[in-house]
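Read the structure below first, then the notes.
The values are calculated or read from the model by the stated rules, or taken from the named source; none is laboratory data. None of the values given here were measured: they were computed from a predicted structure. Every residue, glycine among them, receives a Cβ derived from its backbone with ideal geometry; neighbour counts consider all protein chains shown.
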Amino acid sequence: MKVLLVGNPNVGKSVIFSQLTGTRVISSNYPGTTVEYTKGYLDLNGEKVEIIDVPGTYSLDPSCKAEEVAVSMLSEGDIVVNVVDATNLERNLYLTLELLERPVPVIIALNLWDEAQHKGIEIDVERLEEILGVPVVPTAATSGRGLKELVRRLPEARLGKVGWQTVDERYATVGRIVREVQRISHRHHTFLERLEDLSVHPVGGLFLALIVLYLTFKLVRFIGEGLIDWLFDPFFTHLYAPLLAKLSGFLGGQGFVHDLLVGQLVDGKVDFVTSLGLLSTGLYVPLAMVLPYIIAFYAVLGFLEDLGYLPRLAVLLDGLMHSLGLHGYAVVPMVLGLGCNVPAALAIRNLESRRQKFIASTLMVIAVPCFSQTAMIFALVGAHGGFYLAQVFLTLFAVWLVLGLLLNRFMAGYTPALLMEIPPYRLPSPKTLLKKLNLRLSHFLREAVPLVILGILLVNLIHTSGLSYWLARTFSPVFGPLFGLPGDAVIALFLGFLRKDVALGILAPLNLSPAQLTVASTILAVYFPCIATFLVLLRELGWVDMLRVTGIMLVTALVVGVFSHLTLTYLGLWAWAGVGLLVLLLLFEVSLREKLAAGKKEAQASYKSN
Ligand SMILES: Nc1nc2c(ncn2[C@@H]2O[C@H](COP(=O)(O)OP(=O)(O)OP(=O)(O)O)[C@@H](O)[C@H]2O)c(=O)[nH]1
Ligand SMILES: [Mg+2]
């Protein structure tokens, strides 16, 4: 038997799914978290029932890729569990009516029941059952309330009593039902609600956003550094290093196998960062340099996601995003991309048009570094001071801005308005936060560690085969004048295709100056995504668009490499003044064109009315 969880976005389908099946999926407080379906199993009186978590949809006429997935799943289910947001009956019941018109048994989970009670919303469940003709079970998914009852009554799912209706009739029916079953009692605004108002206030909201950004940064550093200083570093230096030294001695301190496993000794000792052995650098980079920051970043991001901050950021930055040919929702994939570009590429599905998807993918993949990369940039470039760090991240931000403005200027098409349901703030439950963190970390460990080790293996082979000399000689005449880098740096570019963190790691033994390290890190961030991101984007965009993105990527990398090199060696602040001027000009041009377009429309309207 197949059971589908169907409902509007952000009503708790994924939480119910995780609770029923024990399968972990990501849930967050903004619409569009789930874009692919996930299967899991539930034992019902000895029978194995397949449960499917479907992407959210407002109606059965899909308006984006994620909704298409949802609708195409419908024919497969034996039972539909329609998850309904009890705090928002008016909006949710439209889909319910559409579902009840279909020849499939339905049962309703009236979720977020706890929140409805807090808001003083009372719903007459029995009356609702009577009107719709199907079972209705109040649930509070995060605490698990009502889920047993939902499972118990699953076999009672029935075809609805409501017949086929036109769109207008459906809206009228929804209104009638809500009037009959729902009572709202008056109450005072809570603290969270006041914070909600402040978060989207044009001035107060921006101020709050800056505070959030600052606190995020502080907290990530605090947690990340704390984990390194108190846990990971002591483990590697006091427990693991002696073991590795024994192995090194056992292998004779040199030779092919030694260099492969332990790496090259520095002053007779293993250096975790520069030795480049599978068991030294291969484990140290992903586990001791990257993992602590990944933990820190996802802990903070998970909190902001479940609180419901991201959609507010979307509203706040909607204007800016329009100048880049996007709308506010694109903030979601950009922020997710700061963690890992792969889920970000998937979240781009929620954008409506091909043009938007193209622009968002291009900006994300070129200018948004994932956190594995960021952690390594912090470790390597940050060691030389905040100035160089600022240079890297300011350059990436400038690329994001300028590229977006240019794409918006030269790509045909327009950007639709932001139509996004803004959920209320919800205090995240520590249990769901931990589950999500755990899910993301195990994902990172499974994906990263094997690829980093493969990368180190390749580097070892490149060095022992003598290929590195050839590469260094061939690329020196290009890399020197353009970027001020030695030819060997090209090996990092090759490895960046596997993973960016290990690519940055192999820059460490090259003895680059701080400026060179800065230039190399910036190029590495921009020129090409890692293979996992590349494959997902290829699937989402198709060959033609992916080729265009790749072209833009390579040109940008070239420009950015030369720019960084010139800025750091000759131009200094002048280069940044130039960039600032360019951004201002482009922004001015966008607003000018918007005004002209609006003027034209007005003229046409007055012409018609005359
Ligand atoms: N208080 C409360 N919060 C809930 C309940 N159910 C879900 N949530 C929260 O609501 C948010 C949305 O939950 P999800 O499970 O991601 O929603 P979804 O329906 O899967 O959303 P999409 O994947 O975007 O369609 C999350 O922050 C959950 O923690 C509930 O019954 N009570
Ligand atoms: Mg979901």
Inset, instruction - Of the conditions (1) aliphatic (A, V, I, L, M); (2) in a helix (DSSP H, G or I); (3) away from ligand 1 (no atom under 16 Å from the Cβ); (4) surrounded by 15 or more Cβ atoms within 10 Å (Cβ to Cβ), VAL151 clears all except one; give me its number. - result: (3)
Legend entry - Set ALA492, ALA503: member being crowded, with 18+ Cβ neighbours inside 10 Å, at pLDDT 90 or above and over 27 Å from LEU313 (Cβ atoms): ALA503
Inset, instruction - State yes or no: is SER59 over 26 Å from ARG152 (Cβ atoms), out of contact with any Pro (no Cβ under 6 Å at 6 or more places or on another chain), of a type in the set (Gly, Ala, Ser) and more than 8 Å from ligand 1 (Cβ to nearest atom)? - result: yes
Inset, instruction - Kindly list the number of the only condition in (1) within 14 Å of ligand 1 (Cβ to nearest atom); (2) out of contact with any helix residue (DSSP H, G or I) (no Cβ under 6 Å at 6 or more places or on another chain); (3) in contact (Cβ under 8 Å) with a residue 60 or more places away in the chain that fails for GLU76. - result: (1)
Inset, instruction - Restrict the check to region 379-389 and report whether at least one residue is part of a loop (DSSP other than H, G, I, E, B) and either at pLDDT 95 or above or within 19 Å of LEU524 (Cα to Cα) (or both). - result: yes
Legend entry - Long-range neighbours under 6 Å by Cβ, at least six apart or interchain, first residue not assigned by TED's automatic domain parsing to the domain that holds ILE552 within region 505-532, second at pLDDT 95 or above and outside any helix (DSSP H, G or I): ALA525/PRO369
Inset, instruction - Count, please, the residues in region 430-441 that happen to be closer than 14 Å to ILE295 by Cβ and in contact with a Lys or Arg (Cβ under 9 Å, 6 or more places away or on another chain). - result: 3
Inset, instruction - Read through the list (1) farther than 30 Å from LEU313 by Cβ; (2) at pLDDT below 85; (3) within 34 Å of the chain's Cα centre (by Cα), then give the number of the only condition that PHE236 fails. - result: (2)
Inset, instruction - Find the strands (runs of 3 or more DSSP E) located wholly in region 84-146 whose residues include 2 or more that are of a type outside the set (Lys, Arg) and either away from ligand 1 (no atom under 15 Å from the Cβ) or on the phi > 0 side of the Ramachandran plot (or both), and list them. - result: 106-111
Inset, instruction - Look through LEU433, LEU418, LEU405 and report the one residue that is part of a loop (DSSP other than H, G, I, E, B), aliphatic (A, V, I, L, M) and buried (at least 16 other Cβ atoms within 10 Å of the Cβ). - result: LEU418
Legend entry - Residue list for region 15-43, restricted to those being more than 19 Å from the chain's Cα centre (by Cα) and either at pLDDT below 85 or within 11 Å of ligand 2 (Cβ to nearest atom) (or both): ILE16, PHE17, SER18, THR23
Legend entry - Subset of region 413-431 that is aliphatic (A, V, I, L, M) and in contact with a helix residue (DSSP H, G or I) (Cβ under 8 Å, 6 or more places away or on another chain) - its residue that is farthest from LEU195 (Cα to Cα): LEU418
Inset, instruction - Go over the candidates LEU394, LEU433 one by one and state the one that is under 30 Å from PHE494 (Cα atoms), within 21 Å of the chain's Cα centre (by Cα) and assigned by TED's automatic domain parsing to the domain that holds LEU554. - result: LEU394
Legend entry - Checklist (1) without any contact (Cβ under 8 Å) to a residue 12 or more places away in the chain; (2) more than 16 Å from ligand 1 (Cβ to nearest atom) applied to GLY455, failing item: (1)
Legend entry - Selection count, region 89-113, where residues are without any contact (Cβ under 8 Å) to a residue 60 or more places away in the chain and farther than 23 Å from LYS148 by Cα: 2
Inset, instruction - Can you give me the ranges of the helices (runs of 4 or more DSSP H) entirely in region 234-312 with at least 2 residues that are of a type in the set (D, E, K, R) and in contact (Cβ under 8 Å) with a residue 60 or more places away in the chain? - result: 291-307
Legend entry - Residue that is surrounded by the fewest Cβ atoms within 10 Å (Cβ to Cβ), among those in region 264-288 that are more than 21 Å from ILE491 (Cα to Cα) and modelled with pLDDT of 90 or more: LEU287
